[in-house]
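I have placed the structure first, in the form of structure tokens, so that the comments after it can refer back to it.
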Amino acid sequence: MEALLNQAFLTSLLFGAVTAGVPLLLAGLGEQISEKAGVLNIGIEGMMLFGAYTGFVAAYYSGSFSLGFVAGGIGGALVASLVVLLCIRYGLNQIVIGIAITLGIEGLTALLHYFQFSRTYPRLDQAPVWALPFLSDIPVLGRALFSHNPIVYLAVVLMIALVWVFRATYVGLNLEAAGNKPAALDAAGVSVVKTRAFAVLATGFLSGVGGAYMANVGAGLFVPFMTGGAGFIGIVLAMLARGKPVWVLLGAALFGISLAMTTALQVGGINIPTDVVQMLPFAMVMLVLVIFARHSVLPPALGLPYVRGER
Amino acid sequence: MRGTGMTAEVHVAQRGAPGHEGGREIVASVLRVAVPILLALVVGGIILLILGKDPIAYYGYVARRGLLTWGGLQETFTRMSPLLLIAAGLIVAFRAGIWNLGGDGQFLLAAVITAALGPALVGVLPKALTLIACVIASAIVAGLWAVIPAILKARYGINEIITSLMMSFLGISFANVLIKLFFWDPSTTVPQTRTLPVEDRLPRLFDTTIHSGVLIALAVVVLVHLMMTRTAFGLKLQVVGANPAAAVHAGLNVAWLTIATFTLSAALIGIGGSVEILGVFGTVRADWNPAFGLLVVPLVFLARFNGYAVIGFTLFFSALMIGGDSAARRIGVPQHFVLVLVALLLIFLAVVEYLDHQRRKRIGA
């Protein structure tokens, strides 16, 4: 048990928590944008996974991590554009299409990976790290929190930016109107379809970047089905955050820690099956949902297509 | 909750338009099924072409292996039993407007319970009683696994898609924990449960390799269909699915019905897991997860929640899976291609549903 408490262990646990939490943060923030606008984006798992694949392939062949993140974002947005076309433009059932996208991308990326790399799993080099001046010199916390890939800091900046966008800009107001009273937004002369399309594309881009981070920084390689439910955890984070980006960050940190425990406990030499620890994040979701069930709030028009003049 | 649009549309469709429109309606309902299947196969074929594989050869091989050889056909019928039982569970839930997507966890937990109980009981109880006890215990455990999502939905309106998926991930890991910590057969190096001897499993049909579980599955699907269409309970569920607000006005106890339906749905899926172990494997190895749960969803939609129709679609899908399994080895197209086909099928189904809806609006039906 002493191994649990020493400094190196704590550092690696927190470092792992950040690495595991950032994809969840990006997916959760992305999902929050969609949900604000009234779109229940069940396909986010597929967007993450496709972003992980495109991001990995781009980084693998170009050797550039930045290019990898951009490609991951574009990959995610590409999948999202399918949701835009089918669900936003034509109003098809968002749940059916969401399931289809997740299943289809799982199959497609596994196929693509097989035809590209056969049964090998090539690794990327260590991802570049920015150690923040001064902050990274703090014992334990410095190494754990302030020497990461730039995407980590960008994700936090994005969270702060979203607080501002939701609270103080027309974009934020439009998004909220599209989810709460789409007819009112339409009457004000703003296109509901365009607003929601923008929201879903943003979700796709962010979760794609999250997926790319997972593959390129977190794992250093791509494995089929590697997102393993992270997208769905993102949906839960967005549900519980009630439209507040800060809560998504807190939630992502919580889940990041429970995910990091998986590896940390093994390193610490605790002899229990990994499956026990793998249950932690999902058990945590259920626990949080049971405790805070009353408080999760979703917009009234969530999941419903907008057809002008109906209802 | 939301997302019940499909359910409502099915009811509209079933009433149909009477009189001289009848013939055209039959054509339309055939097209609604045939077009998505064809489109999915064609687009899937294009993907195969892009990947440098011959789609005609692939589909030809799959059809031959899955349906046209005696060995393959027996495997196909055997595969039908878990799929049919999952379909029965999904029909109950979907008709009531409940998205039970936690099938994989429910299925696996049930399978582990059966694999743990079966070998332990078989020396104590007569064979028939052992089989029955396994099925019942598995159904109860799977049903219990759905209780939390059911209560969260019934009491607080929390989206059951998310909660049932979370419980599914949890259940899959928990099944492994059960095997590794409690039911690990000491005589094996790889973690797996003790094995139910072949002679104590579900009896085979005549001289085939098909086990009698397929009969159980067929009976359950028919019973579920009759329950949903011919009983007061089924009718109540349909009302809840079509319009929960109206159901409340009609004095139905929607919360209770939701919990009962969710649990029943999970229990039926659990019977699927139990029968698969009692009929085919006799044991569960750690990390085994066939992940049938989501694959059955499009079949249930294709059948428009009709129990009889789902039997036919399940037959074809089983053939596709069995054929696809050996095509992976023979032609070098990984089994994951079936996932792509399922996704395409779902998308084209939704598209055709939409076009059909537009057409109805135009003709004012």
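The values are calculated or read from the model by the stated rules, or taken from the named source; none is laboratory data. Since we're looking at a predicted model, the values are computed, not measured. For neighbour counting, all protein chains shown are included, and Cβ atoms are generated from backbone atoms with ideal geometry for every residue, glycine included. In case anyone asks, the SASA skips ligands and DNA or RNA and just uses the protein heavy atoms, side chains included. Shrake-Rupley method; radii C 1.70, N 1.55, O 1.52, S 1.80 Å.
Structure data summary
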| read-out | value |
| --- | --- |
| Positions within the range B:219-244 being open to solvent by 60 Å² or more (accessible area, probe 1.4 Å) and in a helix (DSSP H, G or I), in sequence order | B:LEU223, B:LEU226, B:ARG230, B:ALA232, B:PHE233, B:LEU235, B:LYS236 |
| Test: residue in the range B:141-158 that is more than 14 Å from chain A (Cβ to nearest Cβ), in contact with a Ser or Thr (Cβ under 8 Å, 6 or more places away or on another chain) and either among the polar types (S, T, N, Q) or open to solvent by less than 20 Å² (accessible area, probe 1.4 Å) (or both) | yes |
| Selection within the range A:230-264 - within 15 Å of the chain's Cα centre (by Cα), surrounded by fewer than 20 Cβ atoms within 10 Å (Cβ to Cβ) and in contact (Cβ under 8 Å) with a residue 24 or more places away in the chain | A:VAL246, A:ALA253, A:LEU254 |
| Scope the range B:1-40; condition modelled with pLDDT of 50 or more, open to solvent by 40 Å² or more (accessible area, probe 1.4 Å), of a type outside the set (Ser, Thr, Tyr) and within 26 Å of the chain's Cα centre (by Cα); matching residues | B:VAL30, B:LEU31, B:VAL35, B:ILE37, B:LEU38, B:LEU39 |
| Matching option when the condition is under 14 Å from A:SER34 (Cα atoms) and at pLDDT below 95, among A:LYS194, A:LYS181 | A:LYS194 |
| All positions within the range A:13-47 that are modelled with pLDDT under 90 and closer than 16 Å to A:ALA219 by Cβ | A:PHE15, A:GLY16 |
| The range A:98-132, residues that are open to solvent by 30 Å² or more (accessible area, probe 1.4 Å), in contact with a Phe, Trp or Tyr (Cβ under 7 Å, 6 or more places away or on another chain) and within 23 Å of B:VAL43 (Cα to Cα) | A:GLU106, A:LEU112 |
| Residue in the range A:108-124 that is at pLDDT 85 or above, within 30 Å of A:LEU302 (Cβ to Cβ) and facing chain B (nearest Cβ under 8 Å) present | yes |
| Some residue of the range A:72-80 being within 14 Å of another protein chain (Cβ to nearest Cβ) and under 18 Å from the mean Cα position of the chain (by Cα) | yes |
| Unmet requirement for B:CYS134, which otherwise passes all of (1) assigned to a helix (DSSP H, G or I); (2) open to solvent by 10 Å² or more (accessible area, probe 1.4 Å) | (2) |
| Some residue of the range B:163-185 being closer than 25 Å to B:THR78 by Cβ, modelled with pLDDT under 95 and of a type in the set (Val, Ile, Thr) | yes |
| Failed item, numbered, when B:VAL310 is tested on (1) open to solvent by 10 Å² or more (accessible area, probe 1.4 Å); (2) of a type in the set (Val, Ile, Thr); (3) more than 14 Å from every other protein chain (Cβ to nearest Cβ) | (1) |
| Positions within the range B:170-198 being more than 13 Å from chain A (Cβ to nearest Cβ) and among the aliphatic types (A, V, I, L, M), in sequence order | B:VAL190, B:LEU196, B:VAL198 |
| Matching residues, the range B:174-215, being open to solvent by less than 70 Å² (accessible area, probe 1.4 Å) and small (Gly, Ala, Ser) | B:ALA175, B:SER212, B:GLY213 |
| Subset of the range B:280-298 (residues that are more than 13 Å from chain A (Cβ to nearest Cβ) and either within 23 Å of A:ASN93 (Cβ to Cβ) or open to solvent by 10 Å² or more (accessible area, probe 1.4 Å) (or both)) | B:VAL280, B:PHE281, B:THR283, B:ARG285, B:PRO290 |
| Criterion violated by A:VAL156 - all others in (1) within 16 Å of the chain's Cα centre (by Cα); (2) open to solvent by less than 50 Å² (accessible area, probe 1.4 Å); (3) touching a residue at least 60 places away in the same chain (Cβ under 8 Å) satisfied | (2) |
| Filtered residues of the range B:336-365 (kept if more than 9 Å from chain A (Cβ to nearest Cβ) and not in a helix (DSSP H, G or I)) | B:GLY364, B:ALA365 |
| Elements of type helices (runs of 4 or more DSSP H) contained in the range B:41-121, each with 2 or more residues being open to solvent by 30 Å² or more (accessible area, probe 1.4 Å) and within 21 Å of B:PHE317 (Cβ to Cβ) | B:55-63, B:70-95 |
| Residue list for the range B:182-212, filter: among the charged types (D, E, K, R), part of a loop (DSSP other than H, G, I, E, B) and without any contact (Cβ under 8 Å) to a residue 12 or more places away in the chain | B:ASP207 |
| Filter pass, A:ALA77 being within 17 Å of A:GLU45 (Cα to Cα) and either modelled with pLDDT of 90 or more or basic (Lys, Arg) (or both) | yes |
| Considering residues of the range A:175-196 that are assigned to a helix (DSSP H, G or I) and free of Cβ contacts under 8 Å to residues at least 40 places away in the same chain only, the residue nearest to A:ILE88 (Cα to Cα) | A:LYS194 |
| Yes/no for A:PHE198 being under 22 Å from A:ALA238 (Cβ atoms) and open to solvent by 20 Å² or more (accessible area, probe 1.4 Å) | yes |
| Residue that is modelled with the lowest pLDDT, among those in the range A:263-299 that are out of contact with any Lys or Arg (no Cβ under 8 Å at 6 or more places or on another chain), facing chain B (nearest Cβ under 10 Å) and farther than 22 Å from A:VAL18 by Cα | A:LEU298 |
| Matching entry among B:LEU264, B:LEU215 (being hydrophobic (A, V, I, L, M, F, W, C) and touching a residue at least 24 places away in the same chain (Cβ under 8 Å)) | B:LEU264 |
| Residues of the range A:131-172 satisfying the condition of being more than 23 Å from A:LEU206 (Cβ to Cβ) and in a helix (DSSP H, G or I) | A:LEU135, A:SER136, A:ASP137, A:LEU141, A:GLY142, A:ARG143, A:ALA144 |
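One line per residue, one yes/no per condition, for (1) under 19 Å from B:ILE271 (Cα atoms); (2) under 25 Å from the mean Cα position of the chain (by Cα):
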{"residue": "B:LEU121", "(1), (2)": "yes, no"}
{"residue": "B:VAL141", "(1), (2)": "yes, yes"}
{"residue": "B:ARG155", "(1), (2)": "no, no"}
{"residue": "B:THR163", "(1), (2)": "no, yes"}
{"residue": "B:PRO186", "(1), (2)": "no, no"}
{"residue": "B:THR195", "(1), (2)": "yes, no"}
